[in-house]
Structure formats: structure tokens, C-alpha cells
Amino acid sequence: MLCSTCRLRPPVTEGGRCLLCAGPAGPPPVPPAPMPPVPAFVAPQQYLRSPNGLAKAVVVLLAAVAVADLFAVAAGLNVRRVLGDGLDNGFATYDEAEATLADDLYAGAGALQLLMTLATAVVFIIWFRRVRLNAEVFDPGAQPMGPGWAVGAWFIPFANLVLPRRIAGGIWTASARTDPDGGRSTVPATVMNLWWGAWACSLIASRYTSQQYWKAEEPQEIIDAAGLLMATDALDLVAAVFAVLFVRKLTRMQGERAALGVYPPTVRPAPGRAH
């Protein structure tokens, strides 16, 4: 026969309990119910999405834009040659068929530029939104505007010359590596500034030079307008090169920042942040 309480030792009391269970402290206390398991910590990397694939697509499309710009420059040179040959003697005498072919070639180059630019713009904005959402994980306090502006800012006339650069600056800051002491490394924004300056100048110049070309009627006016368009195409090519460098640099920065696996040392609200 065993103790009626613990069922381990023989009883020594009339109540059928052992010496320990019948002592002044009474039976041993009932162990507390087990605590529910603590939810697993969700690391910020689970909210990050790699921009590498999109970055590669953007780089390829930007290379296609650069090729289209080179084609447009060559077509512009051909237009100037054909019309210029007819003006050598001070008279507008040139081969009509050759001039028509040169004009059609130039129009085709412009259509190719437009197609490549639209395709690149779509993929670039998708990539830009991706890196902006990642920056929200890295350091939301460094972002001057809400994530939605990474798309919408590009479609506001005049403001699209300022707002995307402001958003890019916040992404760039948040994507910089954090130091072991909790500070943040400073990465020179030269590539970003060169890309934005060349792109903004190219956008403004292309609007002006396109209007001049379509208004030109006389051979000399067409030659002059074609020269302006060629300069704009060359500037657009430079902007495409800087854009490739910017995309590759920022994508690499985000990969290095994500590898640290930590939140920013201090999450601070950005003053005057727009949503």
C-alpha cells in the first residue's frame, strides 16, 4: 500500500499519507501550468524582397536605350548630310527619294527610342518601388515621403523633376551599411546626382528640341533642328550610362545592408513626411 497523496512511499498516518506528505508543510505544491510558447521573432529580412532580378532587367533595357540613342544620332547625321549636300551651292537641290529615305530613317529611330524608353520606364519604376519598400524596413525614419510616392511622383508634371530625386535620397541613406558602433556609413551620392542631373537635363532638352524639329520647314531649319536633337540624344545616352551605374550601386548597397540582419539603431520619424 502506498501514500494516498504521492503514491510513492508507504503510509504512516491514519489518513494513509507518508511522512513527507503528512509533514507540517503539507503535500508538495502543484507545479504551475506551463506558459504558452513565445511567438517567434520575425526578422526584418522576411519583409525584404531582392531587387537583383529587376535591376538586371533595367540594366539591359537601359543598354537598349543607349543603342537606340546611337541609332538616332547616326540617323540625324544622315539627315544633315543629305540636306547639307543640297545646300552646298546655295540652292535647295537634293535628291527627293534620298531625302525621304533619310527622313523615314530618322522617324524610325525616334519610334525605337520611344519604345525603348517606355519599356525601360515601366521596369525602372517597378525596381524603384522595390528598393523604396526595402528602405522602409532598413530605416523608415530616413524616408521623406510614403512608399506610394515611389510610383506617383514620376507622373506629376514639373514635380517629377524634383520629387523622385528626393525619394531616391532617402532610399540611398537607408541603404547605407550600419557601423558596429551603431552609426551609419556615409556613401557619396555622386553617381545618383550625376544620373539625376543628366536625366532631368535630357528630359527638358528633348521637349524643346522636338518642338523645334517639328516646326522646321526649310532645309536649313531642319538641319539646325536635327543638330539640336542629336545633342539631346547624346545627352540621353549619357543619362542612360549614369542610370546603369546608379541602379547597380544602389542594388549592391541594399544587398550589403540586408546581410547585416539588424534594424536601424534608432527609428525616428521624418519631419514633414508625406503619405
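The values are calculated or read from the model by the stated rules, or taken from the named source; none is laboratory data. Note that the structure is a prediction, hence the values are computed from the model and not measured. Because the Cβ atoms are built from the backbone with ideal geometry, glycine has one as well, and the counts that use them run over all protein chains shown. We work out accessible area using only protein heavy atoms, side chains counted, and drop any ligands, DNA or RNA first. Shrake-Rupley method; radii C 1.70, N 1.55, O 1.52, S 1.80 Å.
Remarks
- Taking a sphere under 15 Å around the Cβ of Val241 and counting the other residues whose Cβ falls inside, with K and R at +1 and D and E at -1, yields a net charge of -1.
- Rounded to the nearest 10 Å², the accessible area of Thr13 at probe 1.4 Å: 60 Å²
- Near the amide H of Thr5, within less than 5 Å, lie the amide hydrogens of Cys18, all on another chain or at least 5 residues away, with H placed in the peptide plane.
- A simple charge model with +1 on the Cβ of Lys and Arg, -1 on the Cβ of Asp and Glu and nothing else charged puts the dipole of the stretch 110-209 at about 260 debye relative to its Cα centre.
- Backbone HN-Hα couplings from phi across the stretch 144-156 [Karplus 6.51/-1.76/1.60, Hz, Gly and Pro as x]: x, 9, x, x, x, 5, 5, 9, x, 5, 6, 10, 9
- Residue-wise HN-Hα coupling along the stretch 233-239, computed from phi with Karplus coefficients 6.51, -1.76, 1.60 (Hz; x: Gly, Pro): 4, 5, 5, 5, 4, 4, 4
- Derived scalar couplings ³J(HN,Hα) [the stretch 63-74; Karplus, 6.51 cos²θ - 1.76 cosθ + 1.60; whole Hz; x for Gly, Pro]: 5, 5, 4, 4, 5, 4, 5, 4, 4, 5, 4, 5
- Exposure check, 1.4 Å probe, all protein chains in place: Arg129 carries approximately 120 Å² of accessible surface.
- Solvent-accessible area per residue for the stretch 120-182 (1.4 angstrom probe, square angstrom): 39 Å²
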